[in-house]
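Here the structure is laid out as structure tokens; the discussion comes afterwards.
The values are calculated or read from the model by the stated rules, or taken from the named source; none is laboratory data. In this text the structure is predicted, and so the values were computed from the model without any measurement. Glycine gets a Cβ as well: all are built from the backbone with ideal geometry, and neighbour counts include every protein chain shown. In case anyone asks, the SASA skips ligands and DNA or RNA and just uses the protein heavy atoms, side chains included. Shrake-Rupley method; radii C 1.70, N 1.55, O 1.52, S 1.80 Å.
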2 protein chains.
Amino acid sequence: MSFFPSSLENLIEKFSALPGIGKKSAQRLAFYVLSQSEEYAASFAKAIIDAKLNVQTCKSCMNLTEGEYCRICTSDKRDKSTICVVSEPRDVLSFERGREYNGLYHVLHGTLSPMSNIGPDDIKISELISRVANGSIDEVIMAMNPDTEGEATAMYISRLLKPFEIKVSRLAYGIPVGSNLEFADDATLTRALEGRTEM
Amino acid sequence: MSFFPSSLENLIEKFSALPGIGKKSAQRLAFYVLSQSEEYAASFAKAIIDAKLNVQTCKSCMNLTEGEYCRICTSDKRDKSTICVVSEPRDVLSFERGREYNGLYHVLHGTLSPMSNIGPDDIKISELISRVANGSIDEVIMAMNPDTEGEATAMYISRLLKPFEIKVSRLAYGIPVGSNLEFADDATLTRALEGRTEM
């Protein structure tokens, strides 16, 4: 039985369809919206539609942008010979926060996952290969998440890049800076040992 | 620095203004919206506006409704001599789920809270007094949350109701059904002892 007025039930349903939002949270969010002004509701609604209509993927790196090409691809301060390949747009943000990396990106919008029926044609792999095929790229850095699917995706792409004879690298595994050896899992410790560097 | 396209930043901001939604969750929700169809975005936006425009408070009990009066106030199957006073619309849902209570409700839309500057005129107390003053009410049950503010609100209202010489009661305190004595706090145990009933 729907207990609340139908348009309230409908809004609760929309909120609970969002990832990580349960029924109780959805109710709280809907009540919050009702407690705000009509202007608030209008601007929230507009924000959803505007984001969906205005945001598209950069024609080169597939990152989210409002123009044809993103700010990073069009910047003349970036090293255009290096591409860092990431799974999601939010991963670009992680690298940009670090201010260390100055090359370009390529956003796959997913990782290969046979379990979820996501194959090479479902993510932006062919677009990456085209960029490399156009020349002027010296290095491709694999920066997928360090899990099974991320590793499989990195392996798959690096094999496709073989013929171009460019440098293909991946992020180092190891102990996170500032963490404690005591809490490092075995797999991470093993990788940190394997990847040890001379001092 | 805003890193994402401005309309995406704007949507993230809207989500993170919701109660209990942090910056990271807001990003995840916004990315989810972008990953869905334009129809999805349109129907989500419409749900927000519709809920805000259509849902109002019942002219009698102040519960949320789409008509002038709510389904409970207009039902001819309810006992119209008893009012259960609750703080929030969601509390009505808790009672209705139990199917035990068959009277009417009154939703205060808040509790008295000097700390948050919420006084008697900020919640729907005068509306409750008017209902009682109109006669035909035999009992008012206080069902606020069992915290300091809930208790203070119940005390304040019961004093206002004194002149009407009707029964004013409040929910019993005690051990929750199905719980374990071991985990009951002292205050609850004391109240459970005080309120013990003969078997």
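For the range B:38-85, taking the residues that are aromatic (Phe, Trp, Tyr) and in a helix (DSSP H, G or I), the one that is nearest to the chain's Cα centre (by Cα) is identified as B:44. Applying a threshold of 6 Å to beta carbon distances and a minimum spacing of six or more residues, or different chains, the list of pairs starting in the range B:126-140 at a residue that is under 13 Å from residue B:103 (Cβ atoms) and ending at one that is among the acidic types (Asp, Glu) and assigned to a helix (DSSP H, G or I) is empty. Every listed requirement among (1) surrounded by fewer than 16 Cβ atoms within 10 Å (Cβ to Cβ); (2) assigned to a helix (DSSP H, G or I) is met by residue B:25 save one, (1). Taking the condition of being touching a Gly at 6+ places or on another chain (Cβ under 8 Å) and either closer than 15 Å to residue B:11 by Cα or of a type in the set (Lys, Arg) (or both), how many residues in the range A:1-28 meet it? Number satisfying all stated conditions: 1. Listed by first and then second residue, the pairs with beta-carbon distance under 8 Å, at least 6 apart or on different chains, first residue in the range A:149-167 and in contact (Cβ under 8 Å) with a residue 12 or more places away in the chain, second among the hydroxyl-bearing types (Ser, Thr, Tyr) and surrounded by 14 or more Cβ atoms within 10 Å (Cβ to Cβ), are A:149/A:111; A:149/A:113; A:150/A:87; A:150/A:111; A:152/A:111; A:153/A:87; A:153/A:111. Of the listed requirements (1) open to solvent by less than 90 Å² (accessible area, probe 1.4 Å); (2) in contact with a helix residue (DSSP H, G or I) (Cβ under 9 Å, 6 or more places away or on another chain); (3) not hydroxyl-bearing (Ser, Thr, Tyr), residue B:146 misses just one: (1). If you filter the range B:90-103 down to residues that are assigned to a helix (DSSP H, G or I) and closer than 21 Å to residue B:137 by Cβ, you find that the one that is least open to solvent (accessible area, probe 1.4 Å) is B:92.
The listed residues are B:100, B:194, and the only one of them that is under 24 Å from the mean Cα position of the chain (by Cα) and at pLDDT below 90 turns out to be B:100. Total residues in the range B:11-37 satisfying the condition of being within 23 Å of the chain's Cα centre (by Cα) and at the interface with chain A (Cβ under 7 Å from one of its Cβ atoms): the figure is 3. Of the residues that make up the range A:15-22, is at least one in a helix (DSSP H, G or I) and either over 17 Å from residue B:92 (Cβ atoms) or in contact with a Cys (Cβ under 7 Å, 6 or more places away or on another chain) (or both)? Checked against the condition, which is being in a helix (DSSP H, G or I) and either over 17 Å from residue B:92 (Cβ atoms) or in contact with a Cys (Cβ under 7 Å, 6 or more places away or on another chain) (or both), the range A:15-22 yields at least one hit. Screening the candidates B:77, B:167, B:162 for the property of being open to solvent by 30 Å² or more (accessible area, probe 1.4 Å), modelled with pLDDT under 95 and closer than 20 Å to residue B:59 by Cα yields one hit, B:77. For the range A:114-127, the criterion of being closer than 29 Å to residue A:189 by Cα and assigned to a loop (DSSP other than H, G, I, E, B) is satisfied by no residue at all.
A single entry from A:40, A:69, A:32 fulfils the requirement of being under 26 Å from residue A:139 (Cα atoms) and among the aromatic types (Phe, Trp, Tyr): A:69.
Scan the range A:173-187 for residues that are open to solvent by less than 100 Å² (accessible area, probe 1.4 Å) and touching a helix residue (DSSP H, G or I) at 6+ places or on another chain (Cβ under 9 Å) and jot them down. Correct list: A:173, A:174, A:175, A:176, A:184. For the range B:104-123, the candidate set comprises residues that are in contact with a Leu (Cβ under 9 Å, 6 or more places away or on another chain) and buried (at least 21 other Cβ atoms within 10 Å of the Cβ); within that set, the residue that is farthest from residue B:75 (Cα to Cα) is B:123.
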